[in-house]
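The values are calculated or read from the model by the stated rules, or taken from the named source; none is laboratory data. None of the values given here were measured: they were computed from a predicted structure. Ideal geometry is used to build each Cβ from the backbone, glycine not excepted, and the neighbour counts take in all protein chains shown.
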Amino acid sequence: MTPRVLIAGVGNLLLQDDGLGPHAIARLQAEYEFGDEVELLDIGTPGLDFVDYLVGRDVLIIIDALSSGGEPGEILTFDKTQLKAFFPGMRLSAHQPCLQETLHTAETAGIDLKEIVLVGVVGHSFEVGTELGPYVSRALPGVLELIVEFVKRHNIAVTKRAQALPASEWWQAEVAVKA
Amino acid sequence: MATTKINIDPVTRIEGHLRVDVEVDGGSVSKAWASCTMWRGIENILLGRDPREAWLFTQRFCGVCTTVHAMASVRAVEDALRLPIPPNAQFIRNLILINHALHDHIVHFYQLSALDWVDIMTIPRADPVKSSALAQSLSNWTGNSSKEFQSAQDKIKGFLASGQLGMFATGYWGHPAMKLPPDVNLMAFTHYLQALEYQRKALQVVGILGGKTPHIQNLAVGGVQNAINLDSMAAMNMDRLYMLKFLQDAVIPFVQDVYLTDACALAALYPDWLTYGKGVNNYMAVPDLPLNAQASAFDLPGGVIMDGNLASAKPYYSAADGEFRQAVTEDMTHAWYKGSAPQRPWQGETIPDYTDFQENGKYTWVKAPRYNGHPMQVGPLAQILVGYALGHPLTKKWTDIALAKIFAVSGRHVTVNDLQSTMGRHVARAIRAAVISELATKHWEYLVTNISHGDTAVYNPPKFPDGEVEGVGTHEAPRGALSHWVVVRNGRLSNYQAVVPTTWNASPRDQQGQPGPYEASLLRNPIADPEKPLEVLRTVHSFDPCMACACHTHDPEGKPIAQVKVL
């Protein structure tokens, strides 16, 4: 059976490089066509409610900015074992998106994610702003290719659109307000 | 794949990090400081933009409360324009807010704070049959069978046997302040597992009406973008409406029979915690769930109580109430911003002036909001006290049910005044959830009735005047009174300030040295073991803070004796 895949872009769009996840999702939607078993989700900066989006998935691909671990702009990937090895901490807040805690909670809830992969880019600029900084911006095409490769490994068709759709990047320029 | 071990906690989350410093003297807290260690200043991104787009940005302020910031933003612009919105739009927004709140309260109680009170490690010693019988004696919930409880216990035993504690790897297990018998712990854990299923149903309602979650897509200044057409498959039709009702009907009994019961059981079995953590006892709530186009009548009351005296309660009749617009100021004396004199939000400035943590000087990025100069506690406790004091029938009904449930377990008479405490905040949140769950059905009926009368309007187009207009949008969010303050000049945003619930509650001291609610509530909290300040976490968690925290404990000389990094 074809696995059900969630590609989740994590991060805050208003803080430059931290917005990598949402930026990547918008680009993937504009440039590629994925099979029905794949859902792309700009999930922002969730707390434990991340778990609510994992029900019924077999494969989780996370895109997120990293605070350290390499040179700015470096792409790093982590698998399920590596991600779960990080300890869940105690927390005071609903807004601490402790990824490990999300994964452990999902497991406690009986959500069986066969494969989890995090594709991260080491960030550099985290000031207020909706544009990615130069390092992460340059890394973005490489991130998209990696994501497509991960999806294809599961025998799911991914096609690059002959002509990219206009990306739904409402934060780039003022959009006409619909009603 | 790379094998380097690095910290992958994502960086710079928007609400910043909460740090709590407490001094412990003779086994209890003698001084406390609440400090936010990250600058937000996020409002500045809105200056010069089109006010009709602001809500798209404000719902990115924070990842958990996305919806509430979108709603307060469109309301603020509509208030500035004195723009009524069609009743259908009010009811659709209300259903989103109701279901968002139900989701948020369930998540807070079970996922984020129950384990402060429930010692998971005692669960293998529980008797599932007795535990299930106890649960059945407290409510009619269908998920209280001994089989269900047995399976929850097996789950914990499995984790322990594998040595893979997963999410339970940290926690103050065996702490002397953990007092529940194993059977009660098993009951709470069983419901914790079930909560995951019901919170998701509430979220699905938000997703159906909002187009997607997180980050709803259906709002507009002037109404909503949900097309209503009972004859169209693509629009809001009866199928869609009944799907909403079906989901709500599943969530409502979980809130009323399980969540409220568990919160009351905790209160009954931790009676001391109805005496700790009162703190600032001025309370404020804003009215919500508007019932008409002008938003001049509401299903949830707002008002103010001073000095914990319920007889002093004064109502707000609407968000446009003159007093609220005049009374709110923000003080920067102890916050890392230029200036100190209190400013009204419309004139508010956000110019950073960082100094380091100075106990007697500036020590936080949170401004100190004040109401006529007074610190105020906001949140479910304020909502319940204001509603009760003003004779709001649903609040009174569910508060009395909760107090009776506490009596049934403990044999102790607890009054509404006892809710002014750490545990009281948990009980109040559960009461509020029960009140809202009843209104879920009512507002669904309002919407269906209005549509069946042939009204399909959802939007009134905004018109921006030349010159300057000011507006305030309020929403009584799960964490308390939220207000967005906008100034629009020639159709562009010239000022934007969000005064959020956690700003009220995590407020620092002000010009007069009056502490904020977190700071005041920690005083005289017992601390059994300064290296494991579980009691501090209990009180801070009871407010449902929206910041990540580092909690430090100091001895009276100011030397850190324990530093607990709280992730």
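Candidates B:N99, B:N94: the one that is out of contact with any Phe, Trp or Tyr (no Cβ under 9 Å at 6 or more places or on another chain), part of a helix (DSSP H, G or I) and polar (S, T, N, Q) is B:N99.
The residue that is surrounded by the fewest Cβ atoms within 10 Å (Cβ to Cβ), counting only those in the stretch B:80-101 that are over 24 Å from B:G454 (Cα atoms), more than 14 Å from every other protein chain (Cβ to nearest Cβ) and under 24 Å from the mean Cα position of the chain (by Cα), is B:L97.
Among the conditions (1) at the interface with chain A (Cβ under 9 Å from one of its Cβ atoms); (2) closer than 29 Å to B:D257 by Cα; (3) among the β-branched types (V, I, T), B:I208 misses just one, which is (1). Go through the residues of the stretch B:155-163 one by one and say whether even a single one is within 30 Å of B:K212 (Cα to Cα), out of contact with any Ser or Thr (no Cβ under 9 Å at 6 or more places or on another chain) and among the hydroxyl-bearing types (S, T, Y). No, there is no match, as no residue in the stretch B:155-163 is within 30 Å of B:K212 (Cα to Cα), out of contact with any Ser or Thr (no Cβ under 9 Å at 6 or more places or on another chain) and among the hydroxyl-bearing types (S, T, Y). With respect to B:Q164, is the statement that it is closer than 26 Å to A:E101 by Cα and surrounded by 15 or more Cβ atoms within 10 Å (Cβ to Cβ) true? Taking the combined requirement at face value, the residue does not satisfy it. Please determine whether any residue of the stretch B:358-370 is acidic (D, E) and either under 28 Å from B:P290 (Cβ atoms) or at pLDDT 95 or above (or both). No; the residues of the stretch B:358-370 include none that is acidic (D, E) and either under 28 Å from B:P290 (Cβ atoms) or at pLDDT 95 or above (or both). Here B:V486 fulfils each of the conditions (1) more than 20 Å from B:F61 (Cα to Cα); (2) buried (at least 19 other Cβ atoms within 10 Å of the Cβ); (3) β-branched (V, I, T) apart from (1). Taking the criterion of being surrounded by 21 or more Cβ atoms within 10 Å (Cβ to Cβ) and farther than 30 Å from B:H392 by Cβ, the residues of the stretch B:334-347 that qualify are B:H334, B:A335, B:W336, B:Y337. Mind checking whether some residue in the stretch B:126-148 is out of contact with any Cys (no Cβ under 9 Å at 6 or more places or on another chain) and at the interface with chain A (Cβ under 10 Å from one of its Cβ atoms)? No, that holds for no residue. Residues in the stretch B:405-463 that are of a type in the set (V, I, T) and touching a Gly at 6+ places or on another chain (Cβ under 8 Å): B:T422, B:V435, B:V458.
Residues that are free of Cβ contacts under 8 Å to residues at least 40 places away in the same chain, more than 8 Å from chain B (Cβ to nearest Cβ) and in a loop (DSSP other than H, G, I, E, B) occur in the stretch A:36-50; there is at least one. Name the residue that is surrounded by the fewest Cβ atoms within 10 Å (Cβ to Cβ), counting only residues in the stretch B:314-333 that are assigned to a helix (DSSP H, G or I) and at pLDDT 90 or above. Restricting to residues being assigned to a helix (DSSP H, G or I) and at pLDDT 90 or above, the top hit is B:Q326. Looking only at the stretch A:137-179, residues that are at pLDDT below 80 and either loosely packed, with under 13 Cβ neighbours inside 10 Å or part of a helix (DSSP H, G or I) (or both) come to 5 in all.
Within the stretch A:99-125, being facing another protein chain (nearest Cβ under 7 Å) and over 17 Å from the mean Cα position of the chain (by Cα) holds for A:H104, A:T105, A:E107, A:T108, A:A109.
Checked across the stretch A:56-63, the condition of being within 11 Å of chain B (Cβ to nearest Cβ) and surrounded by fewer than 23 Cβ atoms within 10 Å (Cβ to Cβ) holds for at least one residue.
Is there a residue in the stretch B:44-57 that is at pLDDT below 85, outside any strand (DSSP E or B), crowded, with 20+ Cβ neighbours inside 10 Å and at the interface with another protein chain (Cβ under 8 Å from one of its Cβ atoms)? Taking every residue of the stretch B:44-57 in turn, none turns out to be at pLDDT below 85, outside any strand (DSSP E or B), crowded, with 20+ Cβ neighbours inside 10 Å and at the interface with another protein chain (Cβ under 8 Å from one of its Cβ atoms). Pairing residues of the stretch A:9-25 that are at the interface with another protein chain (Cβ under 7 Å from one of its Cβ atoms) and assigned to a helix (DSSP H, G or I) with residues that are surrounded by fewer than 24 Cβ atoms within 10 Å (Cβ to Cβ) and not hydrophobic (A, V, I, L, M, F, W, C), at Cβ distances under 6 Å and at least 6 apart in sequence or on separate chains, gives A:D18/B:T12. Listed here are the strands (runs of 3 or more DSSP E) enclosed by the stretch B:228-313 that have at least 3 residues being farther than 19 Å from B:H100 by Cα and charged (D, E, K, R), and there are none.
Of the residues making up the stretch B:173-185, none is surrounded by fewer than 19 Cβ atoms within 10 Å (Cβ to Cβ), free of Cβ contacts under 8 Å to residues at least 12 places away in the same chain and within 14 Å of chain A (Cβ to nearest Cβ). Close Cβ contacts (under 6 Å, 6 or more residues apart or on different chains) running from residues in the stretch B:353-365 that are charged (D, E, K, R) to residues that are modelled with pLDDT of 85 or more comprise B:D353/B:W336; B:D353/B:Y337; B:D353/B:K338; B:K362/B:H334; B:K362/B:W336; B:K362/B:T355.
A single entry from B:A220, B:A188, B:A202, B:A195 fulfils the requirement of being small (G, A, S) and in contact with a strand residue (DSSP E or B) (Cβ under 9 Å, 6 or more places away or on another chain): B:A220. The single condition among (1) surrounded by 24 or more Cβ atoms within 10 Å (Cβ to Cβ); (2) modelled with pLDDT of 85 or more; (3) under 19 Å from B:Y192 (Cβ atoms) that A:T105 does not meet is (1). Just one of the listed residues (B:A250, B:A202, B:A220, B:A188) is more than 12 Å from every other protein chain (Cβ to nearest Cβ), crowded, with 19+ Cβ neighbours inside 10 Å and in contact (Cβ under 8 Å) with a residue 24 or more places away in the chain, namely B:A188.
Could you tell me whether B:T456 is modelled with pLDDT of 95 or more, out of contact with any Leu (no Cβ under 6 Å at 6 or more places or on another chain) and farther than 15 Å from B:I92 by Cα? No.
Each residue in the stretch A:51-84 was checked for being charged (D, E, K, R) and part of a strand (DSSP E or B), and 2 pass. Of the residues making up the stretch B:334-365, those that are part of a loop (DSSP other than H, G, I, E, B) and touching a Phe, Trp or Tyr at 6+ places or on another chain (Cβ under 9 Å) number 16. Could you tell me whether B:D239 is of a type in the set (D, E) and touching a residue at least 12 places away in the same chain (Cβ under 8 Å)? No; evaluated as a whole, the condition is false for this residue.
Restricting to the stretch B:400-424, count the residues that are of a type in the set (V, I, T), crowded, with 24+ Cβ neighbours inside 10 Å and under 20 Å from B:V255 (Cβ atoms). Count: 1.
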